[in-house]
Structures are given as C-alpha cells and as structure tokens.
Amino acid sequence: MDDDPKRIAVLFGAPDDPYLRIDPAYMSPVPGDAPAQRAYDTIAALIEDGLQHVTLDAGSLLLVDNYQAVHGRKPFAAAYDGRDRWLKRVNITRDLRRSRSARQSATSLLV
C-alpha cells in the first residue's frame, strides 16, 4: 500500500444528501483531529453493527451499488485445492463519459 496516500473526504456529493466513501482498513482521520476521529469511529462502528454476511452458491451473482451500500469480504488463505473462492469483477458505470479515456473508442463499452 502507499506509504503516503492522498487524503480523501469520507463524505462527497451534495451536502444535504452526501455519499459515503470509506474503507476502515485503509483510511484514518488526520492525526490529532479528535472530532474527526470520533465521527470516523462512529461511522465505522455503525457499519460493523449493520454487516450482513452473504454466502453465494456456485454460479450465483451479487450486484452491489456502491452509492447505496458499503461492501467487502473477509481475507482468506488460498488452498488451491479447487474449493477456493475466486471472485470475478465487473464494473458497471452510471456515466460512460467518465471512462472514455480508458476505452478504445467513444462507442466501445469495454476497457
């Protein structure tokens, strides 16, 4: 991980209806900012208290809207015995214009 990551706001978007951007394993408030630390700890605790564990069967699909939910998975040690859980990732965007520079052409949908 980056030893000196760029700081980003936990809340973003409209001030009266913001979105949450948080990863407690890789984020922390500015050192010495006690109110920010309390707010951050409160948000992290609320997330932890609201966790719902989901187990998928082979062939199942779970879609998560990053603007509506936080998500993650617990770490695991791979055994490479054919029973490990390997996830495939698909990104779906609300605004194709934001990914234009990464796509082959304006009409391409693939990165």
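Quick rundown of the values:
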item	result
In the stretch 85-111, residue most open to solvent (accessible area, probe 1.4 Å) [restricted to those that are polar (S, T, N, Q) and assigned to a loop (DSSP other than H, G, I, E, B)]	Q104
The stretch 14-27 - residue that is of a type outside the set (D, E) and loosely packed, with under 12 Cβ neighbours inside 10 Å and, of those, farthest from V64 (Cα to Cα)	P15
Residue match in the stretch 55-65 (condition: hydrophobic (A, V, I, L, M, F, W, C), loosely packed, with under 10 Cβ neighbours inside 10 Å and under 16 Å from the mean Cα position of the chain (by Cα))	yes
Subset of the stretch 29-52 [open to solvent by 70 Å² or more (accessible area, probe 1.4 Å) and not in a helix (DSSP H, G or I)]	V30, P31, G32, L51, Q52
Cβ-Cβ under 8 Å pairs, at least 6 apart or on other chains, the stretch 15-30 side over 14 Å from P5 (Cα atoms), far side exposed (fewer than 11 other Cβ atoms within 10 Å of the Cβ) and β-branched (V, I, T)	R21/I8
Test result for G82, farther than 26 Å from P18 by Cβ and either hydrophobic (A, V, I, L, M, F, W, C) or open to solvent by less than 100 Å² (accessible area, probe 1.4 Å) (or both)	yes
Residue count, the stretch 69-78 (criterion: within 15 Å of D23 (Cα to Cα) and of a type outside the set (D, E, K, R))	5
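The values are calculated or read from the model by the stated rules, or taken from the named source; none is laboratory data. None of these values were measured; they are calculated from a predicted model. For neighbour counting, all protein chains shown are included, and Cβ atoms are generated from backbone atoms with ideal geometry for every residue, glycine included. Surface areas here come from the heavy atoms of the whole protein model, side chains and all, with no ligands, DNA or RNA. Shrake-Rupley method; radii C 1.70, N 1.55, O 1.52, S 1.80 Å.
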